[in-house]
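One structure is given below, encoded as structure tokens.
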Amino acid sequence: MPSRFLAIGECMVEMAPTGDGTYAMGFAGDTLNTAWYARRCLPADWSVSYYTAVGNDQVSAQMLDFLQRSGIDTGAVRLMDERTVGLYLIQLKDGERSFAYWRSQSAARCLAADKGALDAALDGAGLVYFSGITLAILSAEDRVSFMNALRKARGGGSKIAFDPNLRPRLWEDLDTMRASVTEAAGLCDFVMPSFEDELAHFGDADPKASAERYLAAGAEMVVVKNGPEEVICASRGGTQKAFQPQPVTSIVDTTAAGDSFNAAFLAEYLTSGNLEAGVDAGARLAAKVIQHRGALVDCFETA
Ligand code: ADP
């Protein structure tokens with residue numbers, strides 16, 4: 001049966017240094033990265049779409065054009081006259097990357113303000129994917145609407161997947177971040193955290209503790225990534241498994257390791273139902289992605 005993978009969040013303009021003092025413009029964002037990889041991993045009978053809000057201006061049109069050229073449907077995206085898309089600049093100092101953001105007024109912050117548009121985007125999705133960043137950029141009121149819309153979609157048969165992607169600076173305070181992320185996890189079929197974040201902001205003793213905490217919150221399945229260490233998968237039924245990713249020695253840039261893992265895991269698990277194959281696909285794609293620079297790595301010819 002044809003199905004649809006829907007990612008929801010913020011896609012931003014990326015300005016990356018070229019080395020000669022100029023910057024190259026691109027588009028990126030955690031949920032967009034996952035949608036981009038999902039399009040490449042899923043079979044052709046799945047469509048991939050992205051839901052966000054953008055401006056009604058030239059740069060927003062370029063972003064939508066980029067998504068469409070990547071095979072991602074943008075038909076439901078909300079257009080707003082009074083806002084535009086957010087932007088970040090990659091800065092290099094002594095070889096270290098840092099990021100400067102202009103996103104506080106981005107259109108994406110209003111993606112859940114129009115409940116009708118959000119419901120229309122969710123309608124009939126086979127898998128809905130979002131992250132802690134999707135939640136963080138919303139107003140408190142819109143977070144409630146967003147989670148209600150997800151509950152409704154799940155009631156209608158959609159599976160829901162969530163990467164907590166904890167970014168304290170995007171949230172009004174840490175307690176709100178922890179409470180919202182925990183509530184969101186409770187309405188999910190797949191919660192896909194990275195242990196480094198969970199250790200830092202929930203103080204979990206180990207990845208199993210993160211998995212157990214999200215299961216206790218109501219998640220059906222938790223997949224905890226941990227860089228080169230074992231991936232822990234735990235299900236509501238009580239099964240818990242650990243999978244060791246293949247070692248990678250030549251790491252160039254770990255941007256989007258988690259985002260690409262999530263896409264390949266979900267694409268495999270949604271189509272085969274095989275957990276081990278899902279983790280293997282996730283780890284193998286992430287291993288390729290971290291051996292190249294940038295978030296969106298076209299490494300599929302050699303797949
Ligand atoms: P995030 O980018 O969200 O922080 P992680 O660092 O936990 O995500 O990595 C996600 C996945 O990428 C891991 O589960 C693993 O499969 C792969 N990965 C990341 N770093 C390494 C590494 N150093 N060696 C091998 N695989 C890695």
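The values are calculated or read from the model by the stated rules, or taken from the named source; none is laboratory data. Just so we're clear, the structure is a prediction, and the values are computed from it rather than from any experiment. Glycine gets a Cβ as well: all are built from the backbone with ideal geometry, and neighbour counts include every protein chain shown. Remember, those area values only see protein heavy atoms, side chains included, never the ligands or the DNA or RNA. Shrake-Rupley method; radii C 1.70, N 1.55, O 1.52, S 1.80 Å.
Compute the Cα gyration tensor for the chain, then decide on rounded, prolate or oblate, letting a ≥ b ≥ c be the square roots of its eigenvalues: rounded whenever a/c is under 1.5, prolate when a/b is larger than b/c in the other cases, and oblate in all that remain.
The shape class here is rounded.
Put simply, the amide H of Ser47, placed in the peptide plane, has neighbours under 5 Å in Ser3, Arg4, Phe5, leaving out anything fewer than 5 places away on its chain. Excluding ligands, DNA and RNA, the accessible surface per residue across the chain is 45 Å² with a 1.4 Å probe.
Extending 7 Å from the Cα toward the beta-carbon at both Ala205 and Asp81 defines two label points whose distance is 5.9 nm. Looking at region 23-169 alone, DSSP beta bridges between its own residues are antiparallel in about 40 percent of cases. Loop-located GluC sites (Glu not before Pro) in region 203-303 (DSSP state not H, G, I, E or B) with no more than 10 neighbouring Cβ atoms inside 10 Å: Glu301. Karplus-derived 3J(HN,Hα) values for region 165-172, using 6.51 cos²θ - 1.76 cosθ + 1.60 with θ = phi - 60°, are 5, 5, 10, x, 5, 7, 9, 5 Hz; glycine and proline are entered as x.
Out of region 136-188, which GluC sites (Glu not before Pro) are coil in DSSP terms and have no more than 16 other C-beta atoms within 10 Å?
The qualifying sites are Glu172.
Specify whether the C-alpha gyration tensor of region 137-250 places it in the rounded, prolate or oblate class, a ≥ b ≥ c being the square roots of the eigenvalues: rounded for a/c under 1.5, otherwise prolate if a/b is larger than b/c and oblate if not. Oblate, because a/c is 1.5 or more while a/b does not exceed b/c. Helix-only arithmetic for the chain: the sum of -39500 (n - 2.57) across DSSP H runs with n ≥ 4, divided by the residue total, places the mean residue ellipticity at 222 nm at -11500 deg cm²/dmol. Where both bridge residues fall in the chain, DSSP classifies roughly 45% of the beta bridges as antiparallel.
Along region 94-109 the Karplus relation, 6.51 cos²θ - 1.76 cosθ + 1.60 evaluated at θ = phi - 60°, assigns HN-Hα couplings of 6, x, 8, 8, 9, 10, 10, 10, 10, 9, 5, 10, 5, 4, 4, 4 Hz to successive residues, with x for each Gly and Pro. The listed residues Ile290, Ile72, once ranked by accessible area (1.4 Å probe) with the largest placed first, stand as Ile290, Ile72.
Taking amide hydrogens as placed 1.01 Å from N in the peptide plane, the amide H of Gly29 sits under 5 Å from those of Met12, each at least 5 positions away in sequence or on another chain. Once a ≥ b ≥ c are taken as the square roots of the eigenvalues of the Cα gyration tensor of region 1-108, is the result rounded (a/c under 1.5), prolate (a/b larger than b/c) or oblate (a/b not larger than b/c)? Because a/c hits 1.5 or more and a/b fails to exceed b/c, region 1-108 counts as oblate.
Loop-only check: which trypsin sites (Lys or Arg not before Pro) in region 204-303 are DSSP coil with at most 15 other Cβ within 10 angstrom?
Taking region 204-303 and a limit of 15 other Cβ atoms within 10 Å, the loop trypsin sites (Lys or Arg not before Pro) found are Arg236, Arg293.
In this label model, Ala179 and Ser272 are separated by 4.2 nm, measuring between points 7 Å along each Cα→Cβ vector.
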